[in-house]
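The structure appears below as structure tokens.
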Amino acid sequence: MTLPKINPLNTPSWKKLQEHFEAVKDLHMKDLFAADAERANKFTVKWDDFYVDFSKNRITEETLKYLLELADDVKLKDAIASQFSGEIINQTEGRAVLHTALRAPKTAHFKVGGEDVMPEIYKVKDQIKAFTNEVVGGVRKGYTGKAFTDVVNIGIGGSDLGPAMVVDALQFYKNHLNTHFVSNIDGDHVNEVIKKLNPETTLFVVVSKTFTTQETLSNANTLKEWFLEYADESDIAKHFVAVSTNIEKVQAFGIDPNNIFPMWDWVGGRFSLWSAVGLTISLAMGYEHFDSLLKGAHKMDEHFRNEDFDSNIPVLLALISVWYNNFFKVESEAVIPYSQYLNQFATYLQQGIMESNGKSVDRNGNPINYQTGTIIWGEPGTNSQHAFFQLIHQGTKLIPADFIGFAKSLHGNQDHQDKLTSNFLAQTEALLNGKTEAEVVAEGTAEAIIPFKIFQGNKPTNTIYVEKLSPESLGKLIAMYEHKIFVQGIIWNIFSYDQFGVELGKQLASKILQEFNSTESSTHDTSTQNLLNYYKSFS
């Protein structure tokens, strides 16, 4: 069985939504709240330690009814079942999509090609646990007999963004190990990290499925050369480990076969932090916290898999996003976490969302004549209030925003938490209500200034309120957005799990690299040729 291949524009619900949009597009949310005292309660989902209020959106009960019909028309329920049953839903690459299996309990059963993958998953988990405990506990040591103090994660894309975001987000729970992330092929990046390292006490984690990724291998070899200025070739086995499928190349690099953590082709890179790619997460905060992260994600998996769509958090968020993207023609969404710990969260989501759903060909192989994908951006509040909020409040663009907040602070400073929360709540209220001319006049504003102080309001937001930032709650939050991506991909009739678009630039980069030390040249457009000549003039 494959995913349904239904053009959403041809569904009855899409036609209803088009007609409905014309009737409601100019409604102000203030009026919707005034007309229904129960609106906030009707458009809120309380689940576990999550409180998700989507009432501050330009939707009515009728809107939601048609959006839910759309989910049925595109056979979303069947698609969810196909994903969780291990079917080849990444058809363009011939793979299952089973990152959900990585966080399932040992008693679960997930099959790929007829074989249960759970025993293999738990074998790798046991390997991660044992290795983590040895490093954190000081049992595993470097070449001079000293315990490790630093861990360097060498990867790019999903092999970097996921672990880096989680380690940063959960730094409150970190142990004594210092963690560093090297991703960019920019040599200045790796050399700045090297400044902070002691070769005797540094562990390197090289993350590359094929062990051929240019950026990762270049950085790994640079760090290896630096390490060998102090140590011998035989010492590499004590200081370098790999997460990869290419055993031969990893061993040729000098890594001990016992220190190779396997990956699977049914886990996409941007969904891989739950696998051995998350080894640095485990090392940074201990295996128990890493396991809690996985358990939190599994809880969200079960909610997504089993909850009715009208109270299913990822489904509702995805449907609302489609409403703005395809009917209001909104191009971007902001993600505003009111926690400095989540300062890399929007960056992480950019890969997950834009690499997955940035497609212009549908599952039938036809060009698409409707919008897919959304541009994701954002920064933590309250910093962002003093940066780009002006554009959201009074600019000409409609920008829906997810506000993510935590009711309890981790360090317990209630004064700071009260001030943070007051801003968190006030901003969505301000975006909803705006400020009328009468309110501006009542403030005693000079007549010439009145137009400049009017706020239209009617700016949509979702409020995702969580009790406390913990490994488990972060796992739920990440999984929530993963499932939102899946739902949108199903509605837009696209394959969300390939990323052929990133390959062309890599191929051309390889050709250009060869030209730097050669008199021969490929055929380029005149702009690229001029830029290439300019670069070569410095060498």
If unit charges are put on Cβ atoms (+1 for Lys and Arg, -1 for Asp and Glu) and the dipole of the chain is taken about its Cα centre, the option from Ser244, Gly365, Leu217 lying farthest towards the positive end turns out to be Ser244
Classify the chain as rounded, prolate or oblate from the Cα gyration tensor: take a ≥ b ≥ c as the square roots of its eigenvalues, call it rounded if a/c is under 1.5, otherwise prolate when a/b beats b/c and oblate if not. prolate
Using a simple charge model, +1 on the beta-carbon of Lys and Arg, -1 on the beta-carbon of Asp and Glu, nothing else, what dipole does the chain show about its Cα centre, in debye to the nearest 20? 300
Dipole moment magnitude, nearest 20 debye, the stretch 144-266 about Cα centre, only Lys, Arg, Asp, Glu C-beta charged: 320
List the GluC sites (Glu not before Pro) within the stretch 344-448 that DSSP assigns to loop and that have no more than 11 neighbouring Cβ atoms inside 10 Å. Glu443
Based only on other Cβ atoms within 10 Å, what is the fewest-to-most ordering of Arg140, Arg363? Arg140, Arg363
Set of the stretch 134-157 residues, backbone N closer than 13 Å to the point 7 Å along the Cα-Cβ line of Ser234: 143-144
Could you please rank Met29, Met300, placing first whichever residue has the fewest other Cβ atoms within 10 Å of its Cβ? Met29, Met300
Work from the charge dipole of the stretch 400-528 (Cβ charges, +1 for Lys and Arg, -1 for Asp and Glu, about the Cα centre) and give the residue of Leu508, Phe403, Ser527 farthest towards its positive end. Phe403
Counting only C-alpha contacts under 8 Å and six or more residues apart, can you give the relative contact order of the chain as a whole percent? 18
Simple spin-label model, 7 Å along Cα-to-Cβ: Trp47 to Gln514 in nm? 5.1
In nanometres, the difference between 0.36 nm per residue of separation and the alpha-carbon distance of Phe21 and Tyr535 is 179.8 nm
Expressed in angstrom and rounded, the centroid-to-centroid distance over alpha carbons for the stretch 354-427 and the stretch 1-67 is 19
Using unit Cβ charges (K, R positive; D, E negative) and no other charged atoms, how large, in debye to the nearest 20, is the dipole of the stretch 39-106 about its Cα centre? 240
If R0 is 22 Å, what FRET efficiency do you get for Ser360 and Thr528 from their C-beta distance, rounded to 0.05? 0.40
Taking other Cβ within 10 Å of each residue's Cβ, how do Trp14, Trp226 sort, fewest first? Trp226, Trp14
Amide H contacts of Ala407 (H built 1.01 Å from N, under 5 Å, at least 5 apart or other chain): Val466, Glu467, Lys468
Please identify every one of the GluC sites (Glu not before Pro) in the stretch 204-242 that sits in a loop by DSSP and has no more than 13 other beta carbons within 10 Å of its own beta carbon. Glu229
Quick check: Cα centre of the stretch 301-343 to Cα centre of the stretch 433-481, how many Å? 17
Using the Karplus equation 6.51 cos²θ - 1.76 cosθ + 1.60 (θ = phi - 60°), what ³J(HN,Hα) coupling, rounded to whole Hz, does each residue of the stretch 200-208 give in order, writing x for Gly and Pro? 5, 10, 10, 9, 10, 10, 9, 10, 7
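Since every read-out is calculated from the coordinates, none of them should be taken as a lab result. No experiment lies behind these values; they were computed from the predicted model shown. Cβ atoms come from the backbone with ideal geometry, glycine included; neighbour counts cover every protein chain shown.
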